[in-house]
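Q: Attaching a single structure in structure tokens format; questions to follow.
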Amino acid sequence: MNGNPSTPLRLGTRRSQLAMAQSGQVAEAVRRVTGRPVELVEITTYGDVSREHLAQIGGTGVFVSALRDALLAGEIDFAVHSLKDLPTAQPDDLALAAIPPREDPRDALVARDGLTFEELPDGARVGTGSPRRMAQLNAWARALGKRIETVPIRGNIDTRLGFVTKGELDAVVLAAAGLNRIGRADRVTQFLEPDTVLPAPGQGALAIECTAENASLVAALAQLDDPHTRAAVTAERSLLAALEAGCSAPVGALADLLEGEQAVTEMRLRGVVGSTDGTTLVQLSTTGPVPASADDALALGRELAAEMLDKGAAGLMGERAL
């Protein structure tokens, strides 16, 4: 690792409350494994300043590019991203040095009066900026024999929670991991199980990135890597890449490890693509041995994507990331 041991490592982070919270957790872990002080460097990304809905500005990379530019310019030593924000193609000059153990990958409902999704009234207004959530929530409502209105929203977590507190919306849907990381899990009225609503590929996981040429820092950060989380998110992101879909497309995916009598023996990958009105969903799953390598995880994702495309997934995605 380059530099004086007493010189702080510079960690690049977005300025949001959630980004600062999760970067602070990573900073503490890096201090432990390197013995070096770590200072946070706040960086504003395009996704932070744009007021357009994420589906309109493309989603892919809008929270990432400024951090990567700072890495390559030598302004920071490493960066922390929410993994679901990363484009699926990894630049050769940057290393995804560590993917720490994953937080809860599920989505969470925060509704007025402590309501669950099943208890929401017909015509309820539900806020989310995600076409993936819109597709699955509308499909779920249809299966329950009712209608909801999904309302596009932006803003940080507290802003989104405020839409419910102020009575502007009946409910909002957010990532459980974000609520947990900033101490707002007490606001959750229902965790949405993956059998009903699949999360975004990589949801709940963090990515720690640095320049590929800084081999000593890559090795130091790799101590924070969780192999099971890396295998799971690699399969999920491989599915997303093979569908040629950006991270604002209505694609959900979750890989989980299945335990046999003695140990973890298999990985199950589930994927969904849907029209945002919920009228059509393509939802499939596949199971394979626990990946022994990144190539195995990539193959599992590509295999499921091929099956989904055969079932008509391409026509449901809107944005295609070519």
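The values are calculated or read from the model by the stated rules, or taken from the named source; none is laboratory data. What you see is a predicted model; the values in this text were computed from it and never measured. Because the Cβ atoms are built from the backbone with ideal geometry, glycine has one as well, and the counts that use them run over all protein chains shown.
Q: Just the residues that are in contact with an Asp or Glu (Cβ under 8 Å, 6 or more places away or on another chain), surrounded by 20 or more Cβ atoms within 10 Å (Cβ to Cβ), under 15 Å from V233 (Cβ atoms) and not aliphatic (A, V, I, L, M), please, taken from segment 247-269. I'd like the intermediate steps shown before the answer.
A: Quick first cut of segment 247-269, residues in contact with an Asp or Glu (Cβ under 8 Å, 6 or more places away or on another chain) only: 247-249, 253-255, 257-258, 260, 265, 267-269.
Checking the rest, the ones that are also surrounded by 20 or more Cβ atoms within 10 Å (Cβ to Cβ) come to 247-249, 253-255, 267, 269.
Narrowing the set further to residues that are under 15 Å from V233 (Cβ atoms) leaves 247, 253-255, 267, 269.
Scanning segment 247-269 gives a single hit, C247.
Q: Does D186 satisfy being in contact with a helix residue (DSSP H, G or I) (Cβ under 7 Å, 6 or more places away or on another chain), over 30 Å from D69 (Cα atoms) and modelled with pLDDT of 95 or more? Show your work before the answer.
A: Numbers: in contact with a helix residue (DSSP H, G or I) (Cβ under 7 Å, 6 or more places away or on another chain): no; over 30 Å from D69 (Cα atoms): yes; modelled with pLDDT of 95 or more: yes.
No; evaluated as a whole, the condition is false for this residue.
Q: From the set of residues in segment 285-302 that are of a type in the set (A, V, I, L, M) and touching a strand residue (DSSP E or B) at 6+ places or on another chain (Cβ under 6 Å), which is nearest to S238 (Cα to Cα)? Give the steps one after another, and end with the answer.
A: Taking segment 285-302 as the starting set, the residues that turn out to be of a type in the set (A, V, I, L, M) are 290, 292, 294, 297-300.
Keeping just the survivors that are touching a strand residue (DSSP E or B) at 6+ places or on another chain (Cβ under 6 Å) gives 290, 300.
Working: V290: 15, L300: 8 Å.
Looking at the filtered set, the residue picked out is L300.
Q: Being of a type outside the set (F, W, Y), in contact with a Gly (Cβ under 6 Å, 6 or more places away or on another chain), modelled with pLDDT of 95 or more and under 21 Å from T276 (Cα atoms) is true for just one of L174, L169. Which residue is that?
A: Values: L174 fails: in contact with a Gly (Cβ under 6 Å, 6 or more places away or on another chain).
The unique qualifying residue is L169.
Q: So A175 clears everything in (1) buried (at least 22 other Cβ atoms within 10 Å of the Cβ); (2) out of contact with any Lys or Arg (no Cβ under 9 Å at 6 or more places or on another chain); (3) within 30 Å of V38 (Cα to Cα) except one condition, right? Which one?
A: That leaves (2) as the condition not met.
Q: Just one of R184, R147 is out of contact with any Leu (no Cβ under 6 Å at 6 or more places or on another chain) and buried (at least 16 other Cβ atoms within 10 Å of the Cβ); which is it?
A: Values: R147 fails: buried (at least 16 other Cβ atoms within 10 Å of the Cβ).
Within the list R184, R147, the selection yields R184.
Q: Please pick out the residue among T279, T265, T234, T286 that is β-branched (V, I, T), outside any loop (DSSP other than H, G, I, E, B) and touching a Lys or Arg at 6+ places or on another chain (Cβ under 9 Å). If you could, list the steps in order and put the result at the bottom.
A: Working: T279 fails: outside any loop (DSSP other than H, G, I, E, B); T265 fails: touching a Lys or Arg at 6+ places or on another chain (Cβ under 9 Å); T234 fails: touching a Lys or Arg at 6+ places or on another chain (Cβ under 9 Å).
That would be T286, the only listed residue that is β-branched (V, I, T), outside any loop (DSSP other than H, G, I, E, B) and touching a Lys or Arg at 6+ places or on another chain (Cβ under 9 Å).
Q: Does A207 meet the test of being among the hydrophobic types (A, V, I, L, M, F, W, C), touching a His at 6+ places or on another chain (Cβ under 7 Å) and in contact (Cβ under 8 Å) with a residue 12 or more places away in the chain?
A: Values: among the hydrophobic types (A, V, I, L, M, F, W, C): yes; touching a His at 6+ places or on another chain (Cβ under 7 Å): yes; in contact (Cβ under 8 Å) with a residue 12 or more places away in the chain: yes.
In short, yes.
Q: Of all residues in segment 187-196, count the ones that are out of contact with any Ser or Thr (no Cβ under 7 Å at 6 or more places or on another chain) and either of a type in the set (S, T, Y) or surrounded by 23 or more Cβ atoms within 10 Å (Cβ to Cβ) (or both).
A: Total meeting the criteria: 1.
Q: Also, quick follow-up: On the given criteria, is G252 modelled with pLDDT of 95 or more and under 30 Å from A139 (Cβ atoms)?
A: Spelling it out, G252 is indeed modelled with pLDDT of 95 or more and under 30 Å from A139 (Cβ atoms).
Q: For the subset of segment 32-71 comprising residues that are over 21 Å from P152 (Cβ atoms) and of a type in the set (S, T, N, Q), which member is modelled with the lowest pLDDT?
A: The qualifying residue modelled with the lowest pLDDT is T44.
Each row is one residue, and each column tells you yes or no for (1) modelled with pLDDT of 95 or more; (2) within 20 Å of R230 (Cα to Cα).
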site: E103; (1), (2): yes, yes
site: D113; (1), (2): yes, no
site: T116; (1), (2): yes, no
site: P121; (1), (2): yes, no
site: G127; (1), (2): yes, no
site: S130; (1), (2): no, no
site: M134; (1), (2): yes, no
site: L137; (1), (2): yes, no
site: R142; (1), (2): yes, no
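Q: Of the residues G155, G145, G162, only one is out of contact with any Phe, Trp or Tyr (no Cβ under 9 Å at 6 or more places or on another chain), more than 21 Å from A253 (Cβ to Cβ), part of a loop (DSSP other than H, G, I, E, B) and not charged (D, E, K, R); which?
A: On inspection, the qualifying residue turns out to be G145.
Q: Being part of a loop (DSSP other than H, G, I, E, B) and acidic (D, E) is the filter here; which residues of segment 70-85 pass it? Lay out the reasoning, then the answer.
A: First pass over segment 70-85, keeping only residues part of a loop (DSSP other than H, G, I, E, B): 73-77.
Scanning segment 70-85 gives E75, D77.
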